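Bear in mind that the values in this text are calculations on the coordinates, not laboratory data. Keep in mind that what you see is a predicted model, and the values were worked out from it rather than measured. Ideal geometry is used to build each Cβ from the backbone, glycine not excepted, and the neighbour counts take in all protein chains shown.
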There are 2 protein chains.
Amino acid sequence: MSTPGRGLHGRVLDTLGPAITAGEYPPGSVLRTDELAQHFEVSRSVMREAVRVLESMHLVESRRRVGVTVRPKAEWNVYDPQVIRWRLAGADRPHQLRSLTVLRSAVEPVAAGLAARNATADQCAELTECALGMVANSRGHRLDKYLVHDMAFHRVILTASGNEMFARLGDVVAEVLAGRTHHEVMFEDPDPAAVTLHVRVAEAVRARDAARAEELTREITTGALQELDILAP
Amino acid sequence: MSTPGRGLHGRVLDTLGPAITAGEYPPGSVLRTDELAQHFEVSRSVMREAVRVLESMHLVESRRRVGVTVRPKAEWNVYDPQVIRWRLAGADRPHQLRSLTVLRSAVEPVAAGLAARNATADQCAELTECALGMVANSRGHRLDKYLVHDMAFHRVILTASGNEMFARLGDVVAEVLAGRTHHEVMFEDPDPAAVTLHVRVAEAVRARDAARAEELTREITTGALQELDILAP
DNA sequence: CAGAGCCAAAAAGTCAGACTTATATGTCAC
DNA sequence: GTGACATATAAGTCTGACTTTTTGGCTCTG
């Protein structure tokens, strides 16, 4: 998923990015390129490249005679996959997870509706395959295998919608689902009702029933939201 | 909105970014840092910074011994405001506009529902103010003033939802609305029905009626979609 | 004492050149 | 043909000198 160590500047970002998104340097903090370069033991050129990347994510702003200032959270490019990963790895993971789940609840139903209209035969087949895979691994503590099919299912839906903006959320959704399985409380087998819903969505898409696909997906995402409310009311 | 000329590397990006997103360099094309530096008449350090930014947007990939290769469109960070702006300014503007409008149709209704739950008194007031501003400028070719209130209205909804991911779409929606007014066919006064819907959304939010706010907003975004279908069926 | 204007320091920005490192590709022996 | 090896190439890194912008204080004046 991630691309660790793609150059020295990447190594710097791997620790500076998480530090900033975790609020270690509060908004308004001023950093100096030279000091950072010394601290990370890299040349100024490398440090400057790293700062440029942070700047393009709107995490910081670089101004002459003042330095590199951390921007308020509200201005960050929260859709940048890198930023999302950093935040999911940090302290406000729960908050981030909730935000993303709400986003899912808005996007996925509409995407499913579009998928019912636009999915190719191959995509329909892949969808049912994923759903069957979920069913097959829904009992007996096979959470890992279940997860693989679950992620694939949602990715296919988003891709099959035919909307590039939706498609690009595949990674995000996958990360949310993985996070739920690995870090949150999910020891037991998945909810059978949820599994059934996935199967029915696949059927609806195959049957080109957009309204039903949308409604069923809405039930899935609503379930995901409720799950969060139960964990952290 | 944009930040023109924030350094030499920014100047380079202003022409190289649009060129890439416009497909001027098709996916797989190989660029060389040195050649680019010469072409733009900047030093290699500056060019490298520009490349790093493009890389963080997943527009290109830089590899040793190979060069800077343009990535396939499907991998671009299409949520990056900068990328969105570049694409809106380029050839696939219609396509981008459609994608964004579909995204709006998914997000805004849910955001409105949440706004009805979470909006502060101030935000409710601001919302009605915007709606009234729209009404006041809905007749007599006052499209510019109407647009200002329209953009503000949707921005307030997205912000008041309390979801940071939704809030960050304020700029995008504003740009879509502005685009529709300035570049697409919209000589006449706005549809009176749409104006009324905005007023009713404001009322619903004030009345804390989430379901109604969501449904009314869905009608607004559906209208926006139909508008596109009429223009380019 | 207030305000305008000026000066100097500070930090980012830019450049040029030398050197290092990874790696794609071609070559040669087997 | 296959594997090991050599080579060329382009990115990556570092350093040091120089430029530019901007801020904050200082002075001069009314």
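How do B:Asp92, B:Asp34, A:Asp150 line up, fewest other C-beta atoms within 10 Å first?
Lowest count first: B:Asp34, B:Asp92, A:Asp150.
Against the longest alpha carbon principal axis of chain B, how many degrees, from 0 to 90 and to the nearest 10, is the axis of helix B:93-118 turned?
Approximately 50 degrees, to the nearest 10.
Grab the beta carbon distance between B:His141 and A:Asp171, set R0 = 45 Å, and tell me the FRET efficiency rounded to 0.05.
The pair B:His141/A:Asp171 has a calculated efficiency of 0.50.
Taking all pairs of different Cα atoms in chain B, averaging 1/r and flipping that mean, what Kirkwood radius in angstroms comes out?
By the Kirkwood definition, the hydrodynamic radius is 19.4 Å.
If we count every other residue with Cβ under 15 angstrom of A:Pro192's Cβ, Lys/Arg +1 and Asp/Glu -1, where does the sum land?
-3
Helix B:8-21: angle to the longest alpha-carbon principal axis of chain B, degrees 0 to 90, nearest 10?
80
Using the 10 angstrom Cβ neighbour count as an exposure proxy, how do B:Leu197, B:Leu54 rank, fewest first?
Starting with the residue having the fewest Cβ neighbours, the order is B:Leu197, B:Leu54.
Looking at the axis that maps chain B onto chain A, which chain B residue has the closest Cβ, and how far off is it in Å, rounded to a whole number?
B:Tyr79, 2
Sorted from largest to smallest, which semi-axis lengths in Å does the alpha carbon gyration tensor of region B:8-75 give for its equivalent ellipsoid, taking the root of 5 times each eigenvalue?
17, 13, 10
Let me understand region B:38-167 better: what is its radius of gyration from the alpha carbons, and its Dmax, in angstrom?
20.3, 62
Do the sum for chain B: with -39,500 (n - 2.57) for every DSSP H run of n ≥ 4, divided by all residues, what is the mean residue ellipticity at 222 nm, to the nearest 500 deg cm²/dmol?
The helix-only estimate for chain B comes to -22000 deg cm²/dmol at 222 nm.
Could you work out how far helix A:44-56 tilts from the main Cα principal axis of chain A, as a 0 to 90 degree angle to the nearest 10?
Tilt relative to chain A: about 40 degrees.
Could you give the distance between the Cα centres of region B:51-117 and region A:62-80, to the whole Å?
Between the Cα centres of region B:51-117 and region A:62-80 lies a distance of 20 Å.
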